[in-house]
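Visitor: The structure is given below, and queries will be raised subsequently.
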Amino acid sequence: MIVPLDMTDDATAEAVHRLAKHSYAVEAELIGYATIPGLTETLEEMRALPLRWLGGFVDNELVAFVGFSKVDDVLDIDRLCVAPSHFRLGFARRLVEQVLAEGGPAIVSTGADNAPAIALYESMGFRVVDTVVVQGGLRVAQFGHPGIV
């Protein structure tokens, strides 16, 4: 079940923050970069992000979420996390599909060495528009969905 998340609710925000830490820890190891922003930000910093949030639940447990915004009619997928115990079960795809259902072009970024995320985005019609190097030497692949590329 996918539902909007209320990040003003302490229990919800704490669950999202905890899940982010677990999911981003796997990505950090995968891409060889330990200071992914999602790993280092505080609960308060995460809650302050100007994002809309959707969560995927199994048996009342949050197992996946996406944080996104729409700026100038472009959907910006800022956060996409799945509990490691629920990797490759379709949660990320369903969350991205829900965001894309809002209509319009979309953008998303991930570590350039994050093969599972790249495979997901490419299978959903996203195409690489750029690869940049950010602070600390991390290579980030930026993707666009129709209307961006």
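Visitor: Here is a check on your reading of the model: is V3 at pLDDT 95 or above and of a type in the set (V, I, T)?
Guide: Working: at pLDDT 95 or above: yes; of a type in the set (V, I, T): yes.
For V3, the condition - at pLDDT 95 or above and of a type in the set (V, I, T) - is met.
Visitor: Among the listed residues L120, L80, which satisfies the condition of being assigned to a helix (DSSP H, G or I), of a type outside the set (F, W, Y) and touching a residue at least 12 places away in the same chain (Cβ under 8 Å)? So that I can check it myself, show each step before the final result.
Guide: Working: L80 fails: assigned to a helix (DSSP H, G or I).
The match here is L120.
Yes/no matrix, rows are residues, columns are (1) buried (at least 16 other Cβ atoms within 10 Å of the Cβ); (2) on the phi < 0 side of the Ramachandran plot; (3) within 14 Å of the chain's Cα centre (by Cα); (4) touching a residue at least 24 places away in the same chain (Cβ under 8 Å):
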site: E29; (1), (2), (3), (4): no, yes, no, no
site: Y33; (1), (2), (3), (4): yes, yes, no, yes
site: I36; (1), (2), (3), (4): yes, yes, yes, yes
site: E41; (1), (2), (3), (4): yes, yes, no, no
site: A115; (1), (2), (3), (4): no, yes, no, yes
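Visitor: Name every residue in the stretch 83-105 that is among the hydrophobic types (A, V, I, L, M, F, W, C) and in a loop (DSSP other than H, G, I, E, B), in order of residue number. First the steps, then the outcome.
Guide: At the first step, the residues of the stretch 83-105 found to be among the hydrophobic types (A, V, I, L, M, F, W, C) are 83, 87, 89, 91-92, 95-96, 99-101.
Correct list: A83, F87, L89, A101.
Visitor: In this structure, does D113 turn out to be of a type in the set (D, E, K, R) and either over 21 Å from A20 (Cβ atoms) or touching a Phe, Trp or Tyr at 6+ places or on another chain (Cβ under 8 Å) (or both)? Don't jump to the end; show me each part of the working.
Guide: Details: of a type in the set (D, E, K, R): yes; either over 21 Å from A20 (Cβ atoms) or touching a Phe, Trp or Tyr at 6+ places or on another chain (Cβ under 8 Å) (or both): no.
No: the conditions fail for D113.
Visitor: Determine, yes or no, whether V108 is in a helix (DSSP H, G or I), touching a residue at least 24 places away in the same chain (Cβ under 8 Å) and buried (at least 20 other Cβ atoms within 10 Å of the Cβ). Working first, answer last.
Guide: Details: in a helix (DSSP H, G or I): no; touching a residue at least 24 places away in the same chain (Cβ under 8 Å): yes; buried (at least 20 other Cβ atoms within 10 Å of the Cβ): yes.
In short, no.
Visitor: Residues that are touching a strand residue (DSSP E or B) at 6+ places or on another chain (Cβ under 6 Å) and over 27 Å from G103 (Cβ atoms): which helices (runs of 4 or more DSSP H) entirely in the stretch 7-70 hold 1 or more of them? Lay out the reasoning, then the answer.
Guide: Working: elements: 10-31, 37-40, 43-48.
Answer list for the stretch 7-70: 10-31.
The values are calculated or read from the model by the stated rules, or taken from the named source; none is laboratory data. None of the values given here were measured: they were computed from a predicted structure. Glycine gets a Cβ as well: all are built from the backbone with ideal geometry, and neighbour counts include every protein chain shown.
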